[in-house]
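Data first, discussion second: the structure below is written as structure tokens.
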Amino acid sequence: MPLSVPYGSGTRAGLFRTPISGGVQSATSAHGLPRPALAVRNLMEQARFAHLCTVMSRMHHRREGYPFGSLVDFAPDPMGHPIFSFSPLAIHTRNLLADPRCSLVVQIPGWSSLSNARVTIFGDVHPLPVDQQEWAHKQYIAKHQQGPSQQWGNFYYFRMQNISDIYFIGGFGTVAWVDVKEYESLEPDKIAVDGGEQNLKELNAIFSKPLKKLLSTESEVDDAALISIDSKGTDIRVRQGAQFNIQRISFDEGHAVETLEEAKDALWKLINKGKVPYLQK
């Protein structure tokens with residue numbers, strides 16, 4: 001029997017879209033979101049872990065040809081290509097050496113449901129030559145502070161040398177195949193690059209309670225936490241009892257946020273207005 005899928009539901013017109021509705025551009029514009037390619041660059045900067053799907057190699061003959069999923073950490077290079085540090089003993093390492101084709105699924109930090117932003121990046125992962133290992137190490141520790149090779153023995157750096165396609169599900173009506181060249185040419189938002197876990201931790205220490213109070217005007221909210229930020233706004237994970245949802249809070253139009261202090265000022269302005277213009281997934 002044919003599968004019937006509803007077009008979505010919700011109280012805000014234009015917010016819920018299907019992949020074939022052509023609503024990505026209008027939703028992005030109407031709700032003050034970064035365009036999909038930039039949203040993916042921001043996501044890649046803020047996420048630290050991903051699911052890597054490789055093709056099982058012949059040496060694992062019982063499952064040869066099947067997809068093999070691994071949880072890995074990564075760091076993007078200046079073009080947004082992910083860099084990995086792999087052990088030669090890992091199954092995914094041996095799979096890649098036999099067949100470099102893979103996909104990487106990256107989800108927004110603070111994941112709570114299928115409404116959260118995530119991206120699937122398709123490409124080929126190869127080991128970097130010896131003369132690029134130190135370069136890769138610097139890219140990696142800039143994000144992770146400490147390289148795995150300093151902790152657990154012999155690790156080697158690999159890179160997704162070419163990206164063949166990018167599929168992004170951002171919520172808020174954003175479902176799109178992202179142009180690879182556009183993705184590679186963009187610089188991520190400064191606040192996304194510099195606003196790592198420590199900055200989000202500081203923002204939550206200041207704004208979690210005020211946002212919880214403000215968002216409780218429509219219905220009682222038990223907890224509110226910032227899980228990502230870009231120049232145009234922030235995503236808030238809201239808990240009501242055992243239920244979670246993600247709400248988008250946009251900063252004032254025309255005031256792009258680049259630094260932690262600017263983010264604080266923008267959030268205080270919204271809170272002092274007494275009403276936060278938010279969108280709910």
Among the listed pairs Lys212/Lys273; Lys143/Lys212; Lys190/Lys212; Lys138/Lys264, which are separated by more than 24 Å between their Cα atoms? Lys143/Lys212; Lys190/Lys212; Lys138/Lys264
Suppose R0 equals 22 Å; then what is the FRET efficiency for Ser185 and Asn162 from their Cβ-Cβ distance, rounded to the nearest 0.05? 0.90
Between Lys138 and Tyr66, the two model label points (7 Å from Cα along the beta-carbon direction) sit apart by a distance in nm of 4.3
Given 0.36 nm per residue, what is the gain on full extension from Glu253 to Ala98 after removing their alpha carbon distance, in nm? 50.8 nm
Taking the Cα centre of region 32-136 as origin and charging only Cβ (+1 Lys, Arg; -1 Asp, Glu), how large is the dipole, in debye to the nearest 20? 420
Show me 157-170, 36-49, 251-264 ranked by packing, highest mean number of other Cβ atoms within 10 Å first. 36-49, 157-170, 251-264
Taking a probe of 1.4 angstrom, what is the accessible area of Trp177 in Å², to the nearest 10? 150
Spatial extent of region 51-110: Rg and Dmax, with the Cα atoms as the point set, Å: 12.3, 39
If N is the residue count of region 172-281, its Cα Rg over 2.2 N^0.38 Å rounds to 1.11
What FRET efficiency comes out for His126 versus Ser219 if R0 is 51 angstrom and r is the Cβ-Cβ distance? Round to the nearest 0.05. 0.50
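The values are calculated or read from the model by the stated rules, or taken from the named source; none is laboratory data. Note that the structure is a prediction, hence the values are computed from the model and not measured. Using ideal geometry, Cβ is built from the backbone for each residue, glycine included, and neighbour counts are taken over all protein chains shown. Calculation scope for accessible area: heavy atoms of the full protein, side chains included, ligands and nucleic acids excluded. Shrake-Rupley method; radii C 1.70, N 1.55, O 1.52, S 1.80 Å.
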